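Below is one structure; the comments refer to it alone.
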Amino acid sequence: MPTVTFLSLYFNRLNGSFPEFILKSSSITYLDLSRNTLSGPIPDSLPESLPNLVYLNLSFNAFSEQIPASLSKLGKLQDLRIGNNELIGGIPEFLGSMSQLRALGLGGNPLGGSIPPVLGRLEMLQHLDIGNASLVSTIPPELGNLGNLKFVDLSLNQLTGGLPAELARLRKMQELSVAYNKLTGQIPPALFMHWPELISFQVQSNSFSGKIQPDLGKATKLKILYLFSNKLVGSIPAELGELVNLEELDLSDNSLTGEIPSSFGNLRQLTSLVLSSNQLSATIPPEIGNMTALQVLDVNTNSLEGELPATITSLRNLQNLALHNNYFNGTLPPDLGKGLRLADVIFENNSFSGELPQRLCDGLALQFFMAKDNNFSGRLPPCLKNCRELSWVWLHGNQFTGDISEVFGVHPNLENVDVSGNQLTGKLSSDWSMCTNLQHLNMKDNRISGNIDATFCALTSLLTLDLSNNQFTGELPSCWWEFKLLLTMDLSNNSFSGELPISTSLDLKLESLFLANNCFLGVFPSVIETCRDLIILDLGNNMFFGDIPSWVGTSVPLLIILSLPSNNFSGVVPPELSQLSDLEVLDLSSNSFSGEILMAVANQNCSLKSVHLAGNGFAGTFPLFLQGCNSLVNLDIGNNLFFGGIPTWIGSHLPLLKILRFRSNNFTGEIPPELSRLSQLQLLDMAKNSLRGSIPVAFGNLTSMRHNLPPFDPDQVFHLGRVNISWKGREQTFWNGIGLITGIDLSCNLLTENIPDELTHLKGLRFLNLSRNDLSGSIPERIGSLELLEFLDLSCNELSGGVPPSISNLPSLSMLNLSNNRLEGHIPTGNQLQTLADPSIYGNNQGLCGFPLSVCEPTSGKRAEDHTKLRDLGLCYSVILGIVFGFWLWFGALFFLEQWKFCFLRCVDGLGIKIAVRS
C-alpha cells in the first residue's frame, strides 16, 4: 500500500472487524472510520501497527469489549474519539498517563463505573466527552486541574453530589453539560465569575436547589442557558437581563416565583424563552416587545394574569407562542399574528375573551392551534381555511359561532380537531373529504345540522369520531362503515333516522359505538356482528324493534356495556348473553321484553355491576342469574311482572349493592331482614308490591344510610348509570347526582305494626316513604334526628298519637305528608315546618290542630278544670279580703272611739300588773 498519512472513511458502509489493510499503513497520522458498522474489539496491535497516530476516530460503530490498555503506547495521539460504540469495562486509569491528549471522546458507550480522578492529569485536554456512559460517580474535584479545558460533556449518567467549587479554575471553559444526572446542591456562583468565555451552560434535569444567583449575569458571552427541571426557588434575578448575547434561555419546571423581570427586554438576541411550569405571577412585562429576535415564547403553567401586552405584536420573528394554563384574561391584541408566520399557538385554560385576532394565521404557517377552555366568542379567523399545514386544533369549551365549514375541511395534514362545546353551525361540506389524514374529530355540543354527505366517508384514517349533541338529520350514507380504522363513534343526541347501513366489511375495529337518542329504526343492527372488538354499545332511545339476536352473546365477546333502553325490542332475552364474561352494564329497560329470564346462573367470575330491566313485561320469580354477581352495584327490576318472595341471599351474595329497586311488581311475603347486611346500600325502593309483615328492625343497621354524607366514589357513576326514583311526588331520573341521594321507599304495600325506632338511626336519609300501608302505633319520637331528610311521606296508614315535636328540627324538609292517619294534638311549630303551609299534608286526621290547620279549641274537660281553678282562686281572694277588712275595722275603732280606746288600754295595764305579781 502506498504511503498514506491521512485516511478518512467515515459514513460509508464498512462492516465486520477492524480493517486489516489499515493496520499495514504505519505512516497514518489521521484515521477516521466513524459512522460505519464496524464491530468486534479495538485491536491490541493498533499502537504497534499505527505508531504515528495523532487523530483516531472510531465513533458511531459497534466496537465492543474493553478499551485496550495498549492505546497508552500511542505517544503522539492527541485526539481520541471512540464514543457511541458498545465498549464496556469503565474508563481505564491508563488514560491519565496520556498527557498529550487534547480531546477525549468516550461518551455513548455502556462503560459503567466511575470517573477516575487521574483524568485530572491531562493538563493539555481541551475536549472531554464522557456523556451517556452509564457512569455512577461523583464529579472528581481533580478535574479542576484541567486548565485548558473548553468543552465538557458529563450528561446522561447517574452522577451524584454537587458541582465541585474547584471547577471555577477552568478559566477557558466555554461549554459545560452535566444534564440528566442526579446532581444536588447549589450551583456555585464562582463559576460565572471565573468563566469569562462561557458560551453554553446546561445543567437541566438534575436536582439542583437554591436560588439563581445574580452572579450569573457576569457570564456576558453566554448564548445557551438551560436550568430547567431542577428544584430552583426564588425569583428570577434581574441581572439575567445583562446576558445580551443570550440566544436560548430555559428555566422551566422549577419552583421559581415572582415576576418576569422587565430587564429581559434587553435580550435582543434571544430566540427562545421558556419559563413554563413554575409559579411566576403578575403580568408579562411590556418590555417583552423589545426582544425582537424571539421565535419561541413559552410561559405555560404558571400563575400569570392580566391582559397580554400589546407590545407582543412587535415580535416580528415569533413562531411559537405558549400561554396555556395561566390566569390571563381580557381580549387578545387585535394585530396579533399580523405579518407573522406563527406555527404553534396555545391559549388554552385561561380566561381570554372576545374574538380571536382575525389575522392570527396571516403567515398561513399554523400547525398547532389550541384555545380550549377560555371565554372566546365570535367567528373563527377565516385564514384558518388556508393554513394547509394545520395539524392540531383544540377549540373546545368556548362560545365560537359561525359556519364550521367556512374555516375547516381542506386541510390534508389535519390530524386532530376538537371544536366541542361551542355554538358552531352550518353543515359538513364535501370539502371535509380532503382531510384524509384526520384521525380524531370531535364536534359534540354544537349546533351543526343537515345530512352527512357520502364524501365524508373518505376520512378513512379516522380513529375517533364524536358528532353527538348536534342537530344532524337524515340517514347515514351507505358507505358509512368504510371507516375501517375507527375505534370510537358517537352520534348520540341528534335526529339521525332510518336503518343503519349494512356493512360489507368482515372485521370492523370499533370498540365504542354510541347511537342513543336518535330516530334510528329497524331490527338489531347486523353490523354489530362484525365488530368483534366492541366494548361499549349504546342504542338507547331509538325505534329499534324485534328480538335481540343470540349472536350478541358470541360474536361480540368483549362487551362491557350493553345499553338498549327505550326502544321497541321484544321477545325473550337470549340465554347466550350469559356468555359475555366481561359485561359490567346491562340496560334493557323500557322495552317490550317478556317471559322469564333464562340466562345461566353466573359463576364467581360475573362482572356485572349495573343491571337495568325496569319497564318491561318480564315475569317469573326473582332472576336467579344474578345470584353469583357479587360485584353488582345497581339493580333495577322495577315495573315488571316478577312475583314470589324476595330471596334472602341478596344480603349475602350481592354485598356491594348501592341501588336496589323492585318497584311495581308482584312480590309477596315479608321483607327479608338479611337485606340489612347490604352495608353499601343507599337506595331501597320496594314500593307498589304486596309485601306483608313488619318493617325489619335490622334496617337500622344499614351502614351507608347511617352516615351524614354516604360514602360515594365518583368513579362509580359509570356503573350506577341512570336511576329512576319517585322523588318529591314524581318519577325522576338521576345520573351523576345519584351519589348524594339516600332513601327508602316501601310505599303501597301491606306492611303492618309500628315504624321501628331504629329507622331514626339512618341519619343519611334524604327521603323516606312508608305511605299507603297498614302501619300503626306512633311516629318515632326521634324522627327529628334525620337531619338531612327532605321528603317524608307517612300518609294513608293507621298511625296514632301526636306529631313528635322533634319533627321541627328537620332543616331541609321540603315535602311532608302525614294525611289520612289517626293523629291528634297540636302540630309542632317553628323552623322549616312554618314553610309547609298546605293544610292537605295533615288532612283526615280528626284530632290534629294548629298551623296550617285551624287554631286549637279547648276541650269540655279542659273547661271544667279551668272553672274549678277559678272558683278556688276566688275563695282565696275572699278570705284575704275579709281578714284585711276585719283588721282595719277593729283597730280603727280603737283609735277613733275614745271610750273603746280607754277600756282597751286599762285591760292591757291590768294584764301587765298580774304578770309582774306572779313573777
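The values are calculated or read from the model by the stated rules, or taken from the named source; none is laboratory data. Predicted, not measured: the structure shown is a model, and the values here were computed from it. All Cβ positions, glycine included, derive from the backbone under ideal geometry; neighbour counts span all protein chains shown. Surface accessibility is based on the protein's heavy atoms, side chains included, excluding ligands, DNA and RNA. Shrake-Rupley method; radii C 1.70, N 1.55, O 1.52, S 1.80 Å.
Selection within the range 743-761: residues that are open to solvent by 10 Å² or more (accessible area, probe 1.4 Å) and in a strand (DSSP E or B). The member of this set that is nearest to LEU684 (Cα to Cα) is LEU750.
Within the range 690-712, the residues that satisfy the criterion of being open to solvent by less than 50 Å² (accessible area, probe 1.4 Å) and either more than 21 Å from ILE741 (Cβ to Cβ) or among the aromatic types (Phe, Trp, Tyr) (or both) are SER690, LEU691, GLY693, SER694, PRO696, ALA698, PHE699. When you scan the range 425-441, do you find a residue that is within 19 Å of ASN374 (Cα to Cα) and touching a residue at least 24 places away in the same chain (Cβ under 8 Å), even just one? Scanning the range 425-441, I find no residue that is within 19 Å of ASN374 (Cα to Cα) and touching a residue at least 24 places away in the same chain (Cβ under 8 Å), so the answer is no.
Count of the range 789-823 residues, restricted to those that are open to solvent by less than 40 Å² (accessible area, probe 1.4 Å) and either in a strand (DSSP E or B) or without any contact (Cβ under 8 Å) to a residue 24 or more places away in the chain (or both), is 6.
Could you tell me how many of the residues in the range 215-243 are more than 15 Å from MET193 (Cβ to Cβ) and touching an Asp or Glu at 6+ places or on another chain (Cβ under 6 Å)? The qualifying residues number 5.
Cβ separations smaller than 6 Å between residues 6+ apart or across chains give the following pairs from the range 340-351 residues that are touching a residue at least 40 places away in the same chain (Cβ under 8 Å) and within 7 Å of HIS324 (Cβ to Cβ) to residues that are part of a loop (DSSP other than H, G, I, E, B) and open to solvent by 10 Å² or more (accessible area, probe 1.4 Å): ILE346/HIS324; GLU348/HIS324; GLU348/LYS372; GLU348/ASP373. In the range 305-326, is there at least one residue being of a type in the set (Gly, Ala, Ser) and within 30 Å of SER429 (Cβ to Cβ)? Checking the range 305-326: not a single residue is of a type in the set (Gly, Ala, Ser) and within 30 Å of SER429 (Cβ to Cβ). Look at the range 526-539: where a residue is within 13 Å of LEU564 (Cα to Cα) and a partner is assigned to a strand (DSSP E or B), sitting 6+ places away or on another chain with Cβ atoms under 6 Å, you get ILE536/SER512; ILE536/ILE561; LEU537/LEU513; LEU537/LEU562; ASP538/PHE514; ASP538/SER563.
Is it the case, given these coordinates, that SER592 is surrounded by fewer than 20 Cβ atoms within 10 Å (Cβ to Cβ) and more than 27 Å from GLY693 (Cα to Cα)? Write out each step before concluding.
Working: surrounded by fewer than 20 Cβ atoms within 10 Å (Cβ to Cβ): yes; more than 27 Å from GLY693 (Cα to Cα): yes.
Considered against the rule, which asks whether it is surrounded by fewer than 20 Cβ atoms within 10 Å (Cβ to Cβ) and more than 27 Å from GLY693 (Cα to Cα), SER592 comes out as yes.
One residue stands out among those in the range 273-311 that are closer than 15 Å to LEU249 by Cα, aliphatic (A, V, I, L, M) and part of a loop (DSSP other than H, G, I, E, B): the one that is most open to solvent (accessible area, probe 1.4 Å), which is ALA293.
None of ALA600, ALA619 is surrounded by fewer than 19 Cβ atoms within 10 Å (Cβ to Cβ), of a type outside the set (D, E, K, R), free of Cβ contacts under 8 Å to residues at least 40 places away in the same chain and in contact with a helix residue (DSSP H, G or I) (Cβ under 6 Å, 6 or more places away or on another chain) except ALA600. Taken over the range 669-687, residues that are open to solvent by less than 60 Å² (accessible area, probe 1.4 Å) and closer than 13 Å to GLY645 by Cβ amount to 5. Residues that are surrounded by fewer than 21 Cβ atoms within 10 Å (Cβ to Cβ) and modelled with pLDDT of 95 or more within the range 478-489 comprise LEU487, THR488, listed in sequence order.
Which residues, counting only those in the range 312-358, are in a loop (DSSP other than H, G, I, E, B), on the phi > 0 side of the Ramachandran plot and either of a type in the set (D, E, K, R) or open to solvent by less than 20 Å² (accessible area, probe 1.4 Å) (or both)?
First, the residues of the range 312-358 that are in a loop (DSSP other than H, G, I, E, B): 315-319, 323-326, 331-343, 347-350, 355-358.
Okay, now just the ones that are also on the phi > 0 side of the Ramachandran plot, so 325, 337, 339, 349.
Result: GLY337, single match.
When the range 441-473 is limited to residues that are open to solvent by 60 Å² or more (accessible area, probe 1.4 Å), out of contact with any Asp or Glu (no Cβ under 7 Å at 6 or more places or on another chain) and at pLDDT 95 or above, the one that is nearest to SER391 (Cα to Cα) turns out to be ASP445.
Name the residues in the range 11-69 that are under 18 Å from ILE88 (Cα atoms), hydroxyl-bearing (Ser, Thr, Tyr) and in contact with a Ser or Thr (Cβ under 8 Å, 6 or more places away or on another chain), would you? Spell out how you get there, then give the answer.
Taking the range 11-69 as the starting set, the residues that turn out to be under 18 Å from ILE88 (Cα atoms) are 17-18, 37-44, 57-69.
Remaining after also requiring hydroxyl-bearing (Ser, Thr, Tyr): 17, 37, 39, 59, 64.
Within the range 11-69, SER17, SER39, SER59, SER64 qualify.
One residue is enough: does the range 720-730 have a residue meeting the conditions more than 18 Å from ASP685 (Cβ to Cβ) and either of a type outside the set (Ser, Thr, Tyr) or at pLDDT 90 or above (or both)? Break it down into steps so the answer makes sense when it comes.
So the first thing to find is which residues in the range 720-730 are more than 18 Å from ASP685 (Cβ to Cβ), and the list is none.
No: zero hits.
Every condition in (1) farther than 19 Å from ASN57 by Cα; (2) not in a loop (DSSP other than H, G, I, E, B) holds for LEU95 except the one numbered (1).
Listed residues LYS444, LYS427; which is more than 30 Å from the chain's Cα centre (by Cα) and assigned to a loop (DSSP other than H, G, I, E, B)?
After applying the criteria, what remains is LYS427.
Among the residues of the range 648-657, just one is open to solvent by less than 10 Å² (accessible area, probe 1.4 Å) and either of a type outside the set (A, V, I, L, M) or without any contact (Cβ under 8 Å) to a residue 12 or more places away in the chain (or both), namely GLY651. Here the strands (runs of 3 or more DSSP E) wholly within the range 157-243 that include at least 2 residues being touching a residue at least 24 places away in the same chain (Cβ under 8 Å) and surrounded by 18 or more Cβ atoms within 10 Å (Cβ to Cβ) are 175-177, 200-202, 224-226.
Of everything in the range 630-645 that's touching a Lys or Arg at 6+ places or on another chain (Cβ under 9 Å) and open to solvent by 10 Å² or more (accessible area, probe 1.4 Å), which residue is modelled with the highest pLDDT?
Keep residues of the range 630-645 that are touching a Lys or Arg at 6+ places or on another chain (Cβ under 9 Å), which gives 631-639.
Narrowing further to those that are open to solvent by 10 Å² or more (accessible area, probe 1.4 Å): 631, 639.
On the way: SER631: 93, ASN639: 97.
Among those that are touching a Lys or Arg at 6+ places or on another chain (Cβ under 9 Å) and open to solvent by 10 Å² or more (accessible area, probe 1.4 Å), it is ASN639.
Go over the candidates LEU558, LEU577, LEU510 one by one and state the one that is buried (at least 18 other Cβ atoms within 10 Å of the Cβ), within 35 Å of the chain's Cα centre (by Cα), more than 20 Å from PHE496 (Cα to Cα) and of a type in the set (A, V, I, L, M). After ruling out the rest, the residue left standing is LEU577.
Which residue out of GLY546, GLY615, GLY540 is at negative phi, touching a strand residue (DSSP E or B) at 6+ places or on another chain (Cβ under 9 Å) and either among the basic types (Lys, Arg) or modelled with pLDDT of 95 or more (or both)?
Numbers: GLY546 fails: at negative phi; GLY615 fails: at negative phi.
Going through GLY546, GLY615, GLY540 in turn, the sole match is GLY540.
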